[in-house]
Amino acid sequence: MSFMDNSSRGKVFQIQVRDYFEKKYGTGFEMEKKIPIGDPPKLHRFDIVNLEKKIGIECKRYTWTEAGNVPSGKIGTVNEAAFYLSFLPDDYEKYIVMSYSFNLKRNESLAQYYYRNNRHLLGKTKVAEFDLQTGQFRIIG
């Protein structure tokens, strides 16, 4: 699978998550929105944002490895997303939305695994999973 395949699949996931949030909140969301964060402020591009409702979302379409192991490098990028979300003002709703990927051997989804092992890094950021096949959205924590 080429990088472009992964990139376009991630974009499809991002669009589906945006569509879910637009339907849930009854308002539009912008993709790839730059917002100033930090001190001094520097622009950071968030995956999905609604400035009016103050909602920031980072999307991650990751799966377990073929052998059923943790994709360690990708977990690091989820932590990076949590880090950037932590700089949004406290009145923002903050989400990391991961694609649904279940591991029978571990009896948990990747989002559940991530939350269980990294919730100490999240503050008020919510971890959720979105199932591309069913369109179901579930908050993990």
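The values are calculated or read from the model by the stated rules, or taken from the named source; none is laboratory data. Fair warning: this is a prediction, and the values are worked out from it, not measured in the lab. Please note: Cβ atoms are built from the backbone with ideal geometry, for glycine as well, and neighbour counts cover all protein chains shown.
Taken as a whole, the condition of being surrounded by 16 or more Cβ atoms within 10 Å (Cβ to Cβ), over 21 Å from K23 (Cβ atoms) and at pLDDT 95 or above does not apply to V49. Reported count of residues in the range 88-140, each being in contact (Cβ under 8 Å) with a residue 24 or more places away in the chain and on the phi > 0 side of the Ramachandran plot, is 2.
Looking only at the range 106-141, which residues are out of contact with any Phe, Trp or Tyr (no Cβ under 9 Å at 6 or more places or on another chain) and either closer than 26 Å to E52 by Cα or surrounded by fewer than 13 Cβ atoms within 10 Å (Cβ to Cβ) (or both)? Residues satisfying the conditions are N107, R116, N117, H120, G123. One residue alone among K94, K53, K105 is of a type in the set (D, E, K, R), within 26 Å of G28 (Cα to Cα) and assigned to a loop (DSSP other than H, G, I, E, B), and that residue is K53.
The one condition from (1) modelled with pLDDT of 95 or more; (2) loosely packed, with under 14 Cβ neighbours inside 10 Å; (3) on the phi < 0 side of the Ramachandran plot; (4) not in a helix (DSSP H, G or I) that T65 does not meet is (1). Each residue in the range 91-138 was checked for being among the basic types (K, R) and under 15 Å from R18 (Cα atoms), and 2 of them qualify.
Of the residues in the range 1-20, at least one is modelled with pLDDT of 95 or more, exposed (fewer than 15 other Cβ atoms within 10 Å of the Cβ) and over 20 Å from L121 (Cβ atoms). For beta carbons closer than 6 Å, sequence separation of 6+ or different chains, a first residue in the range 12-26 that is within 13 Å of A128 (Cβ to Cβ) and a second that is surrounded by 14 or more Cβ atoms within 10 Å (Cβ to Cβ), the qualifying pairs are F13/C59; F13/R61; F13/S99; V17/C59; V17/V97; V17/F130; Y20/F137; F21/F29.
G141 meets each of the listed conditions (1) modelled with pLDDT of 95 or more; (2) outside any helix (DSSP H, G or I); (3) more than 20 Å from D19 (Cβ to Cβ) apart from (1). Residue pairs whose Cβ atoms lie under 6 Å apart, sitting 6 or more positions apart in sequence or on different chains, and linking a residue in the range 40-64 that is free of Cβ contacts under 8 Å to residues at least 24 places away in the same chain and of a type in the set (V, I, T) to a partner that is assigned to a strand (DSSP E or B) and buried (at least 20 other Cβ atoms within 10 Å of the Cβ), are V49/G56.
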